[in-house]
Amino acid sequence: MPTLKIGLKQLTTDLNEIEAVINAGNAYQEAVSKLKGQGKALRTLENDTSISDDTVEVIANRTNDLIRNLLKGSTAYNFTKKSFNELKGKLEEAEAQARSGAK
């Protein structure tokens, strides 16, 4: 039968493996800042192409949709990172207690 020590060790190993995902979350904010305002800007540019205004409007709208979804992802990421950090802190606390023999 598995013990708490083994279970906590496995959880710590798993967390260490997914930490890169947590640390990569800043990419959401970077993507938003790159795209911000571009949808609106497309609508104001002089159309010197054979692209229809309707197509430009759809592209602008999809750009704005993407920005909104990236912002939602950013919010979810912030909550995820907070939970991750709290869990990691508690695991470190448990490991310290285990080393000292405290219950």
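The values are calculated or read from the model by the stated rules, or taken from the named source; none is laboratory data. Keep in mind that what you see is a predicted model, and the values were worked out from it rather than measured. All Cβ positions, even for glycine, are placed from backbone atoms using ideal geometry, and neighbour counts span all protein chains on display. Side chains included, ligands, DNA and RNA excluded: accessible areas come from the protein's heavy atoms. Shrake-Rupley method; radii C 1.70, N 1.55, O 1.52, S 1.80 Å.
Couple of notes before you dig in:
- In the chain, the portion of solvent-accessible area held by carbon and sulfur atoms comes to 58 percent [1.4 Å probe, whole percent, DNA, RNA and ligands not counted].
- In the chain, taking the dipole from charged Cβ atoms about the Cα centre, the farthest positive-side position among SER33, PHE79, LEU4 is held by LEU4.
- Label assignment, Cα Rg over 2.2 N^0.38 Å derived from the structure, set (i) 1.12; (ii) 1.93; (iii) 1.79: (iii)
- Student exercise, segment 2-42 dipole from Lys, Arg, Asp, Glu Cβ charges, in Debye to nearest 20: 200
- Per DSSP, loop GluC sites (Glu not before Pro) in segment 26-103 with at most 16 further Cβ within 10 Å: GLU46
- Sum of -39500 (n - 2.57) over DSSP H runs of 4+, divided by residues of the chain (222 nm, nearest 500): -28500 deg cm²/dmol
- If you take the Cα centroid of segment 1-40 and the Cα centroid of segment 54-82, the two points sit 19 Å apart.
- Fully extending the segment from ALA27 to LEU87 would add 19.4 nm, taking 0.36 nm per residue of separation and subtracting the current Cα-Cα distance.
- Cross-link pairs beyond the 24 Å C-alpha cut-off, checked among LYS5/LYS88; LYS36/LYS72; LYS34/LYS88; LYS36/LYS82: LYS34/LYS88; LYS36/LYS82
- A full extension of the chain between ASP65 and SER52 corresponds to an added length of 2.7 nm, given 0.36 nm per residue minus the alpha carbon distance.
- Unit charges at the beta carbon, dipole of the chain: most positive-side option, SER52, ALA96, LEU66: ALA96
- Treating r as the C-beta distance of ILE6 and PHE79 and R0 as 35 Å, the FRET efficiency rounds to 0.75.
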